[in-house]
Each structure stands twice: as C-alpha cells, then as structure tokens.
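Working notes for the structure below.
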Amino acid sequence: MLYPNASPLRRALAAIAATMLVASLIPDASAQQQKQQKQQKSQKAAPKQPAQAQAPAAPATPQVPQLIYSPWTKFCLKGKEANAKEVCFTGKDGRVESGMPVVAAVLIEPEGEPKKILRVTVPLGMQIQHGTRIIVDQNAPMNGAYVICFTNGCMADYDASGDMVTKLSKGQNLVVQAINANNQPISLTLPLNDFAKAHQGPPTDPKVFEAQQKKLQEELQRRADEARKKLEASPQPAPPAKQ
C-alpha cells in the first residue's frame, strides 16, 4: 500500500474513494420478481393469440442518477516512520443526493518516485473478470484490472507516470466504465475542469477541506429534503382491488 498510516489521510481517502450502494446501478431482485409475477398474471388473463416469433429484447442500460461532485482536492502527507516519504493525493468523487458516492478517482504521487498511480473506484457488484476502462475526452481508452475490493467498492489502478497527468490537466471529463452483474456496461463521469488548479496548487488546508465537506453535506441534505417533500406531495397510487 502507498498510504501512510495517518488518521487525516484515512479521513481524506474516505471522502475521496468511497463508493455508493450497488442498488442504484443494479436492478433490485425483488422488484424484478414482482414485475415477472404481474406479467404472468396478465398473460393468464389475456386470450390466447397465435404464436408469433419475437425478437429477443435488448438488455436495458442501467440509468445512472445525476451526480453531485466534490471539488478536486489535494493532500500531501507523510507516515510516522523516520525516513517516510511524502505522498500527495489529488482526488474527486461523485455522489447521489442521498450522499452516497458513486464514483471516485485519486492520483497518487509518492515523493521522489517516478511511478504515479491513478486509482479509480466503482461500486461493488461489477464483473471482476472484465476489469475497468477509463477515457479522458477523445483519447484512446485504457483498460485496468481490479486490484482490491472493500465494502465501499472495487478499485483499479492505472499507470499515470507518462502523459496521463497532462491529459487530466487539459481534459474536460474522465469517464470510468465497468460491467455490472447483469452484464450491462456503466459509464461514470468525473469532470476535470478543476483538476489542474488543484494538482498544481498547494495542498488543501484540512480546515478548508472540512468546511467544503460540511457545505457539500448541507447541499446534499437540502436536495434530499426537497426530493422527500415532492414524493410526499405526489398522489399515491390506489391499492389493487382484492380478487
């Protein structure tokens, strides 16, 4: 691991590299079962028609909800060892209104080492054998295998030692792609408009970072309250008649 053992780092990476619950990207099994049961009932009630050849239905592409993004944030920290080297992290995540992160990316740059790593995080429930893919604007895609999975998601590392940092600094969007358990592709976008400023500037003051996180949480709470009020105000469907 490239992470030094420091509590501020753990707090920073928790905000940068956390990922959302898989339910937002993978259809709910119980809902699918209820839908199938309703279809079976309607088929039984409908008059029989001559059998006709039907083309297989194309799998539906999972809908990714609109995301709320944290700014690209830079941290430079050292471990507690006497000869510990400084490691800088520049990261960003995208979240849904509930506050659960969906996608994250962090550029890891150890002091005095030429090798740099771009680490992306996607939700659990992806097909491990397919790995991930990233695309910066119109540049050629890069494929990366998963390196580890935690309860907050699965991570894949990309070599950022070449011109990757230049592409990120000049790019508009970083697209992270994966294949979910239903064999459906998902594409998650992280805007790059503020990457260069964060990466080339000084490390973020922890107090400033905490203020940014507090502001983000307040905005997420406000949107969640608005969504709840709209749901409560909308007319509820009548319960089905008993047979």
How far apart, in nm, are two points set 7 Å out from the Cα along the Cα-to-Cβ line at Gln66 and at Val175?
-> 2.1 nm
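So which of Lys80/Lys215; Lys167/Lys214; Lys74/Lys115; Lys115/Lys214; Lys207/Lys230; Lys116/Lys197 end up more than 29 Å apart by C-alpha? Spell out each step's value before the answer.
Working: Lys80/Lys215 31 Å; Lys167/Lys214 31 Å; Lys74/Lys115 18 Å; Lys115/Lys214 34 Å; Lys207/Lys230 35 Å; Lys116/Lys197 18 Å.
Pairs exceeding the cut-off: Lys80/Lys215; Lys167/Lys214; Lys115/Lys214; Lys207/Lys230.
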Express in nm, to one decimal, how much length is gained between Gln213 and Lys85 on full extension, taking 0.36 nm for each residue of separation and deducting their alpha carbon distance.
-> 43.4 nm
To the nearest 20 debye, what charge dipole does region 150-243 have about its Cα centre, counting +1 at the Cβ of each Lys and Arg and -1 at the Cβ of each Asp and Glu?
-> 440 debye
Packing-wise, with mean Cβ within 10 Å as the measure, how do 185-193, 137-145 rank, highest first?
-> 185-193, 137-145
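No lab work stands behind these numbers, since they all come straight from the coordinates. On a predicted model such as this, the values are computed, not experimentally measured, just so you know. Heads up, the Cβs are rebuilt from the backbone with ideal geometry, glycines too, and the neighbour counts pull from every protein chain shown.
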